[in-house]
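Note sheet for the following structure.
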Amino acid sequence: MIARRGEVRGWGWMVSNRAWLLMWLPILAISLAHYATGAPFYWVHDVLRRLYYIPIVLGAFAFGLRGGLVTSIVVSVVYSPHAFTHVFHRDPAGTLEKSLEILLYNVIGVITGSLADGLVRERLKQEQIAARLAESLEELRSMERQLVRAGKLQALGELTAGLAHEIKNPLASMKGATQIISDEIAETSPRRRMVDILSKEIDRLGAVLERFLSFARLPRFEVAEVRVSELVEPVVALMAAQARQSDVTLDAPACPDDLVVRGDRENLTLVLMNVLLNAIQASPQGGVVTVSCQDATVRKQRYCVLAVHDQGPGVPEELREKIFNPFFTTRDNGSGLGLSIAARIVDAHDGFIEVGAGKTGGAVFRVLLPARS
Ligand SMILES: Nc1ncnc2c1ncn2[C@@H]1O[C@H](COP(=O)(O)OP(=O)(O)OP(=O)(O)O)[C@@H](O)[C@H]1O
Ligand SMILES: [Mg+2]
């Protein structure tokens with residue numbers, strides 16, 4: 001049996017196609033030629049005796065120490081009757097020379113086999129190091145993405161808050177002035193309609209401003225120890241009606257009781273609600289949304305991982321960062337704020353949120369929050 005690439009375990013390899021091709025058939029061919037060669041052709045015997053080294057070395061490189069040793073033993077056994085008895089013909093070389101040759105077959109088999117095993121072990125070690133490096137690189141990339149996202153959201157939040165603040169007061173003055181003008185114009189006057197339009201547009205601007213502010217305002221935090229099961233269960237119960245309406249099943253196995261995070265219950269509830277609502281909205285009719293919680297260690301830190309998995313279309317690779325931007329939406333009546341607010345809250349908890357594809361399709365959103373022991 002060949003376990004990992006190049007690593008040989010068990011004895012099944014002895015009857016593999018490779019063994020036949022590299023060792024057994026060449027040994028058979030050399031031996032037939034050897035046994036059929038008459039004593040006067042001593043130089044042919046010399047050549048054929050040395051040809052045995054080829055299958056021994058090939059066996060060692062293909063199957064390591066076991067391959068080298070087994071092949072050299074087989075060669076010794078097959079060659080011995082020809083070397084020391086008169087079956088068909090006898091190899092005309094001296095007995096000492098032939099005995100030394102047989103000894104050498106086995107020495108070469110062991111040395112080459114050990115070297116080949118060493119090479120395989122070294123290669124496996126290098127592969128493990130490469131895999132670990134790739135893992136670390138991926139972790140670094142993910143950390144970089146989280147940092148860039150957090151910085152971008154914070155800058156956008158500050159900019160939006162500043163702008164909204166500057167616009168809010170003049171807008172309130174305009175609304176007041178419009179009200180006064182409106183009161184002074186007769187209801188039947190055509191100008192009254194203009195003032196009404198003005199008033200409505202100011203209200204619309206006010207609503208837009210409110211949306212901007214809902215992203216910009218960093219919510220108040222009341223930090224406490226929160227048991228994750230007590231966070232998930234109420235949100236799932238709250239969302240059950242919405243899911244039923246959309247013909248979606250919520251599957252939320254109980255969270256381990258010992259999973260505790262430190263944070264603000266209201267805000268974390270909001271995060272989970274946004275993610276769960278998106279999953280329900282993305283699900284097809286009859287779909288299942290699974291909510292699971294477990295702990296995991298990432299970069300030596302223990303995290304509580306809340307995962308929401310749906311059976312919707314998933315999030316295309318090129319949108320996986322964009323969906324966390326404020327006001328990015330692909331839904332007709334979406335405001336594009338749900339995930340950006342969730343990302344800001346999670347970031348304020350020193351956690352991170354990421355999206356990937358489920359094994360069987362759909363999207364998986366994972367919220368990682370530092371876990372308390
Ligand atoms: N589970 C999901 N499956 C597929 N796409 C998703 C999923 N969750 C989010 N998205 C994509 O991310 C976009 C942004 O989501 P986000 O929650 O920020 O805003 P929204 O849902 O569009 O609007 P709202 O502000 O009402 O939440 C969505 O418009 C959708 O394209
Ligand atoms: Mg949403």
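Pick out which of THR37, THR297, THR269 has the largest mean-square fluctuation in a Gaussian network model of the chain, springs linking Cα atoms closer than 10 Å. Fluctuation is largest for THR37. For ALA371, the amide hydrogen comes within under 5 Å of the amide hydrogens of ARG302, TYR303, CYS304, counting only partners 5 or more places away or on other chains and with H modelled in the peptide plane.
Bridging of LYS168 to lysines at a Cα separation below 22 Å is possible for LYS200, once same-chain residues fewer than 8 apart are set aside. Distances between placed amide hydrogens fall under 5 Å for CYS255 paired with no residue 5 or more residues away or on another chain.
Proximity of backbone amide H atoms, modeled 1.01 Å from N, is registered between VAL288 and THR249, GLN311 at under 5 Å, excluding neighbours fewer than 5 places apart on the same chain. Between the Cα long axis of helix 95-184 and the first principal axis of the chain there is an angle of about 10°, rounded to the nearest 10. Once the Cα atoms are used to define both axes, helix 53-84 deviates from the longest principal axis of the chain by about 10 degrees. Against the chain, whose longest principal axis is taken from its Cα atoms, helix 25-36 shows a tilt of about 10°.
Calculated mean residue ellipticity at 222 nm for the chain: -21000 deg cm²/dmol, from DSSP H runs with n ≥ 4 weighted as -39500 (n - 2.57), summed, divided by the residue count and rounded to 500. Annotation: the antiparallel percentage among DSSP beta bridges lying fully within the chain is about 90.
What number, in percent, do you get for the relative contact order of the range 12-134 if the mean sequence gap of Cα pairs under 8 Å and at least 6 apart is divided by its residue count? List each step's numbers first, then the result.
Numbers: 135 pairs, mean separation 35.0, N = 123.
Rounded, it is 28 percent for the range 12-134.
Placing unit charges on each Cβ (+1 for Lys and Arg, -1 for Asp and Glu) gives the chain a dipole about its Cα centre, and among ALA134, VAL367, ALA282 the Cα reaching farthest toward its positive end belongs to ALA134.
A Cβ-based charge dipole, computed about the Cα centre of the range 67-156 with Lys and Arg at +1 and Asp and Glu at -1, lands at about 440 debye. Of LYS175/LYS322; LYS152/LYS300; LYS125/LYS322; LYS322/LYS359, which ones are farther than 29 Å apart at the Cα? Long pairs (Cα-Cα over 29 Å): LYS175/LYS322; LYS125/LYS322. Only one residue of MET174, SER76, ALA19 has its Cα farthest out toward the positive end of the dipole of the chain, where Lys and Arg carry +1 and Asp and Glu -1 on Cβ, and that residue is SER76.
Please list log₁₀ I(q)/I(0) at q = 0.14, 0.20 Å⁻¹ for the range 224-372, using the Debye equation with identical point scatterers on the alpha-carbon positions. Log-scaled intensity ratios, in q order: -0.63, -1.34. In order along the range 298-312, the Karplus-derived 3J(HN,Hα) couplings, from 6.51 cos²θ - 1.76 cosθ + 1.60 at θ = phi - 60°, round to 10, 6, 6, 10, 7, 10, 9, 10, 9, 10, 10, 10, 10, 10, x Hz, and Gly and Pro are given as x.
Length, then width, then depth: along the principal axes, the Cα atoms of the range 143-216 run 64, 16, 12 Å. Think of it this way: in the chain, CYS304 stand alone, with no other Cys Cβ under 4.7 Å. Charging the Cβ of each Asp and Glu at -1 and of each Lys and Arg at +1, and nothing else, the dipole of the chain about its Cα centre rounds to 900 debye. Count Lys and Arg as plus one, Asp and Glu as minus one, and take only other residues whose Cβ is under 15 Å from that of MET239; the net charge is then -3.
The Cβ shell under 15 Å around ALA186 holds other residues with a net charge of -1, Lys and Arg each +1, Asp and Glu each -1. Taking the Cα centre of the range 12-134 as origin and assigning +1 to Lys and Arg Cβ atoms and -1 to Asp and Glu Cβ atoms, the resulting dipole is close to 320 debye. Normalised by 2.2 N^0.38 Å, where N is the number of residues, the alpha-carbon radius of gyration of the chain equals 1.83. Dividing the mean sequence gap of close Cα pairs (under 8 Å, 6+ apart) by how many residues the chain holds gives a relative contact order of 11 percent.
All of the numbers you see were taken from the coordinates with simple rules; none came from a lab. Because the structure is predicted, anything quoted here is derived from the model rather than measured. As a convention, Cβ positions derive from the backbone with ideal geometry for all residues, glycine included, and neighbour counts pool all protein chains shown.
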